[in-house]
Amino acid sequence: MYSVLFDIDGTLVDTGGAGRNAFAAAFAELFDIAEISRDVRFAGRSDRAIALELMEVHGVEPSAEHWRQFVESYLGHLETTLPLCQGRILPGVVGLLDQLQTIEHALPGLLTGNVRAGAARKLTQYGLADRFKFGGFGDIWNDRNAIAKEAAEQARFHARGVLNGTMVIGDTVCDVTCARSIGAFAVAVATGGSTREELLAAGPDLLLDDLSDTETLLAEVGI
């Protein structure tokens, strides 16, 4: 089996800012923060890391209870912001997933900073939820490399221990870094959080403008 691990935001879909808006609404509801700091970076990070940094920046104790409250509030607001923001599936995504579905040894999964329930809501919004059976998520990890390890372990489990390769597809420098952390083939796609120049400097194995160009990618999977 060959595992193909996808990031979500900026790689599979562009939610039109639904995630950030849901973060802002949750902080306003729970902590009376009128506007969350623009200095806190979202791209390429876990929901947990973002939320805890925002708490620190705004003088909120980054406690386990505040994290629990945040997740509950965030998920509720995400239900509202996703349809309002009118996002989209990014170019080439459906075609690539269709092709992977026809490959018996391909094992599509997720490697995302989203909390599991948030990932499910986003993928459901765009009709992609049934494409992925496993993944690594941002519920308990701050570090994307730890999420990558979780995703790789899940891939081995679903492959019943017979895993001949792993690919990570993502739109940020962090995705390239976490691919390297698990010895995966790193595919960078310039559709989201990092510029093409930044991605090139990170040294991916393959750099694409979008996922419409699948020839080299699928050759690596073993077509």
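What follows draws every value from the coordinates through simple rules; no lab data is involved. Note that the coordinates shown come from a computational prediction; the quantities given were computed from them, not determined experimentally. All Cβ positions, even for glycine, are placed from backbone atoms using ideal geometry, and neighbour counts span all protein chains on display.
Measure out, as a whole number of angstrom, how far apart the alpha-carbon centroids of segment 43-76 and segment 129-188 sit.
The distance from the Cα centre of segment 43-76 to that of segment 129-188 comes to 23 Å.
Which log10 I(q)/I(0) values, to two decimals, does segment 61-115 give at q = 0.22, 0.25, 0.30 Å⁻¹ under the Debye formula with one point per Cα?
Log-scaled intensity ratios, in q order: -0.95, -1.03, -1.15.
What percent do you get for the relative contact order of the chain when only Cα pairs under 8 Å and 6+ apart count?
27 percent
Taking the Cα atoms of the chain, report the difference between the largest and smallest coordinate on each principal axis, in whole Å and largest first.
The Cα atoms of the chain stretch 53, 34, 33 Å along their principal axes.
Sorting VAL93, VAL162 on the 10 Å Cβ count, fewest up front, what's the list?
Exposure proxy ranking, most exposed first: VAL162, VAL93.
Just to be sure I understand the model, the point goes 7 Å from the Cα along the line to the Cβ. What's the resulting GLN69 to ASP98 distance in nm?
Output for this residue pair reads 4.8 nm.
Net charge near ARG38, counting Lys/Arg +1 and Asp/Glu -1 over other residues with Cβ under 13 Å of its Cβ?
Once all neighbours under 13 Å are counted, the net charge is -1.
Evaluate the Debye formula for segment 18-85 with equal point scatterers sitting on the alpha carbons, no solvent, and hand back log10 of I(q)/I(0) at q = 0.19, 0.28 Å⁻¹, in q order, two decimals.
-0.67, -1.46
Just in segment 1-98: which trypsin sites (Lys or Arg not before Pro) are loop by DSSP and have at most 16 other Cβ atoms within 10 Å?
ARG38, ARG41
Which one, ALA148, ALA129, ALA25, has the greatest fluctuation when you compute a Gaussian network model over the chain with C-alpha springs under 10 angstrom?
ALA129
Could you work out the longest stretch of the chain that avoids the GluC sites (Glu not before Pro) located in DSSP loops with at most 11 other Cβ atoms within 10 Å?
Counting at most 11 other Cβ atoms within 10 Å as exposed, the longest clean stretch of the chain is 105-223.
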